[in-house]
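One structure is given below, encoded as structure tokens.
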Amino acid sequence: MTRPSWEDHYQSDRLPWDTGVPDPALVELVDQGVLPGGRALELGCGTGTNSRFLAASGWQVVAVDLAPTAIARARAGSEGHDIHFANADILAEPGADSPLQAGPFDLVFDRGCFHCFEAPADQALFARRVAGALRVGGEWVSLIGSTEGPARDFGPPRRSAREVLAAVEPVLAVVELRALAFRDLPDAAAAWLGRFRRREMPAQPSSRRG
Ligand SMILES: C[S@@+](CC[C@H](N)C(=O)[O-])C[C@H]1O[C@@H](n2cnc3c(N)ncnc32)[C@H](O)[C@@H]1O
């Protein structure tokens with residue numbers, strides 16, 4: 001059986017992740033005032049709920065998704081917000097007119113997009129795309145399904161801390177990787193909140209001997 005495409009999901013309205021409210025972890029970070037303000041890029045924005053929240057909180061937002069129907073819905077629901085929505089594949093080589101090149105961005109946000117990729121090479125490429133879009137000191141906030149919690153046959157993909165760090169640490173500094181949950185989903189699936197920052201200089205090699 002072939003897996004439905006992202007576009008199929010949006011066309012048939014099978015969107016278990018789409019709660020219609022901004023993610024509580026993002027809301028908390030914004031309320032705490034710990035995120036860099038300015039220009040934000042949302043990757044895999046879906047119908048745009050979190051982009052609208054960021055725009056309403058003062059960011060100038062660029063938001064991308066692979067599924068044309070998601071982008072059409074996001075646009076239709078976002079009149080009056082300072083958001084540029086674009087249909088784009090994050091993993092594709094970004095051309096000069098790519099929304100990923102519209103930076104540098106102060107903040108990159110994704111909820112459940114990085115975790116869609118299971119091949120380590122794709123996860124690493126995703127992290128490199130983010131690093132390429134951020135200004136030095138800019139931050140990526142990512143909500144990622146985690147391998148913690150009880151067994152389940154539904155809900156977000158599961159990624160281990162080791163997988164996440166293997167992709168991210170080579171290109172971005174780890175600010176935190178915190179265990180929490182997708183609190184707004186019915187089963188409150190276990191998640192990671194990742195905060196990663198673009199370095200001023202490359203990390204030093206490990207001092208481990210041998
Ligand atoms: C689990 S959904 C999350 C959507 C949204 N962030 C939310 O929380 O409602 C993952 C999203 O990533 C998008 N996506 C998957 N692969 C992508 C890619 N290569 N480039 C851009 N978007 C992608 C899908 O179309 C989908 O909207």
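A short reminder: the numbers here are calculations on the coordinates, not readings from a lab. All figures in this text were calculated on a predicted structure; none of them were measured in a lab. Heads up, the Cβs are rebuilt from the backbone with ideal geometry, glycines too, and the neighbour counts pull from every protein chain shown.
When DSSP assigns beta bridges and you keep just the ones with both residues in the chain, what percent turn out antiparallel, to the nearest 5?
45
Take the Cβ-Cβ distance between HIS84 and ARG209 as r, set R0 to 41 Å, and report the resulting FRET efficiency rounded to the nearest 0.05. Each step should come with its number before you reach the end.
Details: r = 50 Å, r/R0 = 1.22.
Calculated transfer efficiency: 0.25.
Looking at segment 135-195 only, what percent of DSSP beta bridges run antiparallel? Nearest 5 please. Write down the numbers at each step before the final one.
Details: 11 of 12 bridges.
Restricted to segment 135-195, the bridges split so that about 90 percent are antiparallel.
Using only the alpha-carbon atoms of the chain as identical scatterers, what base-10 log of I(q)/I(0) does the Debye formula give at q = 0.12, 0.18 Å⁻¹?
-0.59, -1.42
Could you point to the residue in HIS84, LEU143, TRP6 farthest towards the positive end of the chain's charge dipole, with +1 and -1 charges on the Cβ of Lys/Arg and Asp/Glu respectively?
So the residue we want is LEU143.
Determine the calculated [θ] at 222 nm for the chain from helices alone, applying -39500 (n - 2.57) to every DSSP H run no shorter than 4 residues and normalising by the residue count; nearest 500 deg cm²/dmol.
-7500 deg cm²/dmol
In nm, what is the difference between 0.36 nm times the number of residues separating ALA72 and SER12 and their Cα-Cα distance?
Extra length available between ALA72 and SER12 comes to 20.2 nm.
Placing unit charges on C-beta atoms (Lys and Arg positive, Asp and Glu negative, everything else neutral), compute the dipole magnitude of segment 66-210 about its Cα centre in debye, rounded to 20.
520
Loop-only chymotrypsin sites (Phe, Trp or Tyr not before Pro) in segment 151-207, please: DSSP not H, G, I, E or B, and at most 11 other Cβ atoms within 10 Å.
Here the chymotrypsin sites (Phe, Trp or Tyr not before Pro) that fit, given the DSSP loop and packing criteria, are PHE154.
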